[in-house]
């Protein structure tokens, strides 16, 4: 994490997908993302909803992250790859929100993930 970051480290935080232009998000079983961060590197995995599993790796500069991802679609087992950039925000509840811009199916996409509070 660089000195210009205002949002805390993503290390060990869990997020749920709230919305996506790629597919309808099942609010009862959304994709869940586990993030790790160290020295400007970002990595993690995700599962649920429309994917059987996915992995990502990337970097963080300030309050922006850039990742490359790969996942397997639940509907037909096809493998999808891509790159994305996310802006980090703080919600009114003090949790972290990821506003993700990426390309999939040769079209620009947008999804929003919000931190799941620690219990």
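For this structure, a couple of remarks:
- Cα gyration tensor shape of the stretch 57-98, rounded if a/c is under 1.5, else prolate or oblate by comparing a/b with b/c: oblate
- Here residue 72 and residue 106 are evaluated by their C-beta separation; at R0 = 22 Å the FRET efficiency comes out at 0.70.
- Label positions at residue 26 and residue 6, each projected 7 Å from the Cα along the C-beta direction, are separated by 3.7 nm.
- Grouping the Cα pair distances of the stretch 14-115 into 10 Å bins from zero gives a pair-distance distribution of 16, 53, 28, 3 percent in increasing distance order.
- Label separation (residue 34 vs residue 119): 1.6 nm, computed from points 7 Å beyond Cα along the C-beta direction.
- Projected label distance in nm at residue 85 and residue 43, using a 7 Å step from Cα toward the beta-carbon: 2.4
Here, each number is a calculation from the coordinates, and none is a lab measurement. Keep in mind the model is a prediction, meaning the values are calculated, not measured. Virtual Cβ from ideal backbone geometry, glycine too; neighbours counted across all protein chains shown.
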